[in-house]
1. When the stretch 53-64 is examined, which residues are found to be in a helix (DSSP H, G or I) and surrounded by fewer than 24 Cβ atoms within 10 Å (Cβ to Cβ)?
2. Please enumerate the residues belonging to the stretch 136-153 that are open to solvent by less than 40 Å² (accessible area, probe 1.4 Å), in contact with a strand residue (DSSP E or B) (Cβ under 9 Å, 6 or more places away or on another chain) and on the phi > 0 side of the Ramachandran plot.
3. Just checking, which of T174, T193, T221, T146 is at pLDDT below 90, under 22 Å from G46 (Cβ atoms) and among the polar types (S, T, N, Q)?
4. Would you call A123 buried (at least 24 other Cβ atoms within 10 Å of the Cβ) and at pLDDT below 95?
5. Residues that are without any contact (Cβ under 8 Å) to a residue 40 or more places away in the chain, in the same structural domain as A131 (by the TED database), hydroxyl-bearing (S, T, Y) and not in a helix (DSSP H, G or I): does the stretch 99-108 have at least one?
6. Check the stretch 36-47 and report whether any residue there is in contact (Cβ under 8 Å) with a residue 40 or more places away in the chain, surrounded by fewer than 23 Cβ atoms within 10 Å (Cβ to Cβ) and aromatic (F, W, Y).
7. What number of residues in the stretch 109-120 are open to solvent by less than 60 Å² (accessible area, probe 1.4 Å) and not in a helix (DSSP H, G or I)?
8. Among the residues of the stretch 74-85, write down those that are open to solvent by less than 50 Å² (accessible area, probe 1.4 Å) and within 15 Å of A56 (Cβ to Cβ).
Amino acid sequence: QRPGAVIAAGTGMIALGVLPDDAGGGGGGWRRADGWGHLLGDCGGGAWIGRAGLEAAMRAYDGREGGSRPLLARLEAVFGPAGELPGKLYPRPDRPAVLASFAPEVGRCADRDPVADAILRDAARHIAQAAEAVCPAVEGGEVALTGGLFRMGDPLLAPLRAELATRLPHARVTEAAGDPLTGAVRLASALATDSLRLPVDAALLSVVRGGPDGTTRQMGTDGPPSAPPEQSITPSD
């Protein structure tokens, strides 16, 4: 509950920044950048990297400039003959996940292939641009990195940290303090105990609590209690 931003990068990529109400600097507020899906955004995310890597492989297959023979070799090792890939990929409903599955191959090729290395440097720049758009310009802020994409390690993290140091010199780059479930529980506890210092936003932060009279209250809003829901859904094991 302090100034900063979270970059969540897996198949997609989104940056969310906040200036808490008690952090000074003219009041708190939420900021969001990207997270618009693999067709309109998610720039620098896993699907973005995988698609760029597969495009470079197909360029090599065609003999076009900008191709990568190492990525072509990895494409055929993972998916089979390159010429058959479009017919396999386009009909699938899980195309973003399939594209993202090739991102680790780009990372493995980066130390010996300048095309793969350039793709990851471009991804790092896109991610840092999103962080810059949302991170408040106050001293003591943090930028936390979370999500499976960052398990790629130095091929992506090294250029990303360099970009963040240039664009956000006032912020400290750190790892997330916990996984998404840990964060959700901490925020829910803060809401339930009225200790939340983050800006109120019912779309982002709310907890529904049942009252003894059968009413429910969505905590994190200023509205009145609502009537009991027609159905009660209990999470299963």
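The values are calculated or read from the model by the stated rules, or taken from the named source; none is laboratory data. Quick caveat: nothing in here was measured; it's all calculated off a predicted structure. Every residue, glycine as well, gets a Cβ built from its backbone with ideal geometry; the counts of neighbours run over all protein chains shown. Accessible surface areas use protein heavy atoms only, side chains included; no ligands, DNA or RNA. Shrake-Rupley method; radii C 1.70, N 1.55, O 1.52, S 1.80 Å.
1. E55, M58, R59, A60, Y61, D62
2. G147
3. When all the criteria are applied, what remains is T174.
4. no
5. no
6. No, there is no match, as no residue in the stretch 36-47 is in contact (Cβ under 8 Å) with a residue 40 or more places away in the chain, surrounded by fewer than 23 Cβ atoms within 10 Å (Cβ to Cβ) and aromatic (F, W, Y).
7. The total comes to 2.
8. Scanning the stretch 74-85 gives L75, F79, A82, L85.
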